[in-house]
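For reference, the structure discussed in these notes is given below.
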Amino acid sequence: LRKRGRWALPVLALFLLTLLFFYDILMGNYLFIERDLAVFFIPPKFFWAESIKNGEFPLWNPYNLFGQPFFATLQPAILYPPNIMFLIFPFSIAFNWSIILHIFFGGVFIYALLRDMDANEWASFIGALTFMLGGYMLSVHNLLSILISMIWTPLIMLFFIRAIKDGSFKNVLLTGIFLSISFLGGNAEAVFGCLIA
């Protein structure tokens, strides 16, 4: 219980710093649209969410060129579990929060990895903050499939390293689960990069 309590403050601090960084976009009055978001990510996410809300499963997207397979395309991340928020909240809020929360999760996952590698609390927090709000994460927020697939890498590495150290089936299973979630995020290259690492 005491160990969990020591995690609460850094995770809360990371969350509050994320909210502070993105304060002007939190309530859905604005929408992330820069670069690839407006063309490659917003339309498929909107199409997917509206199709499901209307009781249709989107196997085919008739609105892209002369139509194209939709469910068979990895990039829209149709089966990615956190996408459930698109079915609960208005689209603009779900879209913005999806990006913001993934950046926050990336920080938390790096913090967990660094703590597991015996870095002290401050070093882990600074590492998490640097990763979370550093150049790489902020530059891939508009390449949504890369962002949501890549943030799982620290968690995959954490359980993979644990599995090598202790050989427990639980850690092997968790590695596989988080690798699968990363794959469902829509960017196979991030998964292959993680596998190579």
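The values are calculated or read from the model by the stated rules, or taken from the named source; none is laboratory data. Note that this is a predicted model, so its numbers are computed, not measured. We place every Cβ from the backbone using ideal geometry, glycine too, and count neighbours over all the protein chains shown. Each accessible area value is taken on the protein alone, full model and side chains, heavy atoms only, with ligands, DNA and RNA left out. Shrake-Rupley method; radii C 1.70, N 1.55, O 1.52, S 1.80 Å.
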Kyte-Doolittle at least 1.0, axis length at least 18 Å by Cα - qualifying DSSP helices, the chain: 91-116, 153-166, 169-184
Distant-in-sequence amide H partners of residue 60 (H built 1.01 Å from N, under 5 Å): 70, 71
Isotropic mean projected area of the C-alpha convex hull, region 94-158 (nm²): 4.0
Full-extension gain in nm, residue 74 to residue 166, via 0.36 nm per residue minus C-alpha separation: 29.7 nm
Alpha-carbon centroid distance for the pair region 138-163 / region 84-111, whole angstrom: 14
Electrostatic dipole magnitude of the chain [Cβ: Lys, Arg +1; Asp, Glu -1; Cα centre; debye, to 20]: 620
Pairwise label distance in nanometres, residue 6 with residue 84, each label 7 Å out on the Cα-Cβ vector: 3.2
Accessible area in square angstrom per residue, region 39-197, 1.4 angstrom probe: 50
Answer label, with mean projected area of the Cα convex hull in nm² calculated from the coordinates and candidates [x] 15.6; [y] 11.6; [z] 12.5: [z]
P(r) histogram, all alpha-carbon pairs of region 1-90 included - 5 Å bins from 0, percent: 2, 11, 15, 18, 16, 12, 9, 8, 5, 2, 1, 0
